[in-house]
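Following: one structure in structure tokens, then a few remarks.
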Amino acid sequence: MALVDSWLNGLKKAPLLESGRLFMRPMCAGDLSFIHENMNDKRISYNLSYTPHPYTVEMAENWMKNIDYGMSHANCCYWAVCEKETKAPIGSMGISIFKEQEGAEMHYWINADHWNRGYCTESSKRMIVHVFDILNAHRLAITHRENNLPSKKVIEKCGFVYEGMQRDGLKRFGKFENVICYSMLRDDYKKLKSQNVFAY
């Protein structure tokens, strides 16, 4: 059965966020084909931690339903990242929320046709501001697969602090890979913000 917006009340809880060239809006049922097409693009799924390949429409539907449920219970928050100029979605940003720990973990992907334009860094910085200024998090975590150097650059540009490596922390496409771990604490964020790292 196709997704219907009236079912997806959790997704609607994402607030609208804006940066210089982008806005991040709540996802909706109309984003299903965009999610499916991009998650089925191995250039994108290869760099993600758990997304299978090939990726079916049913998988995309289940993912959106799971996110909707999680947002209904304030366990996560996800956005569609869109260009202001075209209003078209170009990716997704999200956080898993750990309420008792006053923390969150950040996730993102950008459509391969929009790589190397700074969009991932721009939307990441905007979301970091939301996490600390609005959600009042104490700690924000993020990881990348060891060979995902573009994600490493984004993380470093945002000012995350390197924590260490999980050896063989992930098995993808039949191979174990190291996972690189970073975090940002509220005090780190305040210092970076005072240096205009998050200006948008």
Discussion item. Just to check, using Stokes-Einstein with a Kirkwood Rh over alpha carbon pairs, what's the diffusion coefficient of the range 92-142 at 25 °C and 0.890 mPa s in µm²/s?
Written reply: 213
Item to complete: Report the dimensions of the range 69-175 along its three principal axes from the alpha-carbon atoms, largest first, rounded to Å.
Response: 41, 33, 28
Fill in: Estimated FRET transfer efficiency (ASP41, LYS13; beta-carbon r; R0 25 Å; 0.05)
0.35
Item to complete: Run a plain Debye calculation on the range 114-187 (Cα atoms as equal point scatterers, no solvent) and give log10 I(q)/I(0) at q = 0.13 Å⁻¹, rounded to two decimals, same order as the q list.
Response: -0.44
Worksheet entry | Net lengthening on full extension, SER72/SER183 (0.36 nm per residue, minus Cα-Cα) | 37.4 nm
Worksheet entry | Cβ-Cβ FRET estimate between LYS191 and LEU135, R0 fixed at 22 Å, reported to 0.05 | 0.70
Worksheet item: How high is the relative contact order of the chain, in percent, with contacts defined as C-alpha pairs under 8 Å that are six or more residues apart?
Response: 17
Discussion item. From zero outward in steps of 10 Å, how is the percent of C-alpha pairs of the range 55-128 spread across the bins?
Written reply: 18, 44, 32, 6
Response to the item:
Across the range 1-149, qualifying lysine pairs (alpha carbons under 19 Å, at least 8 places apart or different chains) come out at 5
Practice prompt. Quote to one decimal, in nm, the extra length available between LYS175 and ALA88 on full extension: 0.36 nm per residue of separation minus the C-alpha distance between them.
Written response: 27.8 nm
Practice prompt. Just tell me which aspartates and glutamates come within less than 15 Å, Cα to Cα, of LYS157; anything on the same chain fewer than 8 places away is out.
Written response: GLU122, ASP188
Fill in: Per-bin percent of Cα-Cα distances, the range 5-194 [5 Å]
1, 8, 16, 20, 22, 19, 10, 3, 0
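The numbers here are math on the coordinates, done by the rules we state, and not lab data. Quantities reported herein were computed from a predicted structural model and do not represent experimental measurements. For neighbour counting, all protein chains shown are included, and Cβ atoms are generated from backbone atoms with ideal geometry for every residue, glycine included.
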